[in-house]
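First the structure, in the form of structure tokens, and then the observations on it.
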Amino acid sequence: MTDISRLADLAEILGVLIVVGGVGFAVVQLRQARQQRRELAAIELFRTFGQPQFAEAFRSVLDLPDGLSRDELRSAYPDAENHAMLISTTMENIGVMTYQRIVPFLVVKNLVGSSTGMLWKKLGNWTQDLREQHGEPTTFEWFQWLAVQLGENGGAGKRPAYEAFANWKPLRPSKEM
């Protein structure tokens, strides 16, 4: 073999290695971008619960008896329907983001796991009445889906976090950053 053909072979091998390295780098970058998107979605989800309007609506709905119809809700608790709408649209968004795997199920379970079931018990009949009134069976479908998923996969009857993770210790600061 001549020196030129050796150089050509080396250049070809080097070219292949560069392409493979570039593809590997792109895969790593895509994974990091996906993780960052999930983390940002989780942060936005967390911010929702810090809004005063959401906190007021959450408290208001939790104070309702379970299973009120739309008419019962409107007549007995006139301001609660706006709160029910805010809670339902928020939970609908969370359901969609969970289904699309934008926010990991574990994050949703830890943030709203037990609350979702309680809220659905309060608003399930109200939602069914909305569906019937508007002839739209998909009204708040993702809220219902989320309540079912968290009920089935959320560890019903599990110990509260303050008991289950009582022995938890943070990683060294350098490892958490």
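The values are calculated or read from the model by the stated rules, or taken from the named source; none is laboratory data. The shown structure was predicted, so the numbers you read here are calculated from the model rather than taken from an experiment. Cβ sites come from the backbone with ideal geometry, for glycine too, and all protein chains shown count toward neighbours.
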request  = Quick one: residue 120 ticks every box in (1) crowded, with 16+ Cβ neighbours inside 10 Å; (2) without any contact (Cβ under 8 Å) to a residue 12 or more places away in the chain; (3) of a type in the set (Phe, Trp, Tyr) except a single one, so which number is it?
outcome  = (2)
query = Can you find a residue in region 20-31 that is loosely packed, with under 10 Cβ neighbours inside 10 Å, under 21 Å from the mean Cα position of the chain (by Cα) and not charged (D, E, K, R)?
reply = no
Check on residue 127, without any contact (Cβ under 8 Å) to a residue 24 or more places away in the chain, hydroxyl-bearing (Ser, Thr, Tyr) and surrounded by 15 or more Cβ atoms within 10 Å (Cβ to Cβ) = no
message = Looking only at residues that are in a helix (DSSP H, G or I), free of Cβ contacts under 8 Å to residues at least 12 places away in the same chain and farther than 19 Å from residue 111 by Cβ in region 34-72, which one is farthest from the chain's Cα centre (by Cα)?
response = 72
key: For residue 149: the one exception among (1) polar (S, T, N, Q); (2) in a helix (DSSP H, G or I); (3) over 30 Å from residue 31 (Cα atoms)   = (3)
request  = Return yes when residue 88 is surrounded by 13 or more Cβ atoms within 10 Å (Cβ to Cβ) and touching a His at 6+ places or on another chain (Cβ under 6 Å) and no when it is not.
outcome  = no
ask   = Within the set of pairs 6+ apart or on separate chains, which have a first residue in region 161-177 that is more than 30 Å from residue 114 (Cβ to Cβ) and surrounded by 10 or more Cβ atoms within 10 Å (Cβ to Cβ), a second that is charged (D, E, K, R) and at pLDDT 85 or above, and C-beta atoms under 7 Å apart?
value = none
Matching option when the condition is part of a helix (DSSP H, G or I), at pLDDT below 95 and surrounded by fewer than 16 Cβ atoms within 10 Å (Cβ to Cβ), among 115, 75 = 75
ask   = Given 95, 67, which one is surrounded by 21 or more Cβ atoms within 10 Å (Cβ to Cβ) and among the small types (Gly, Ala, Ser)?
value = 95
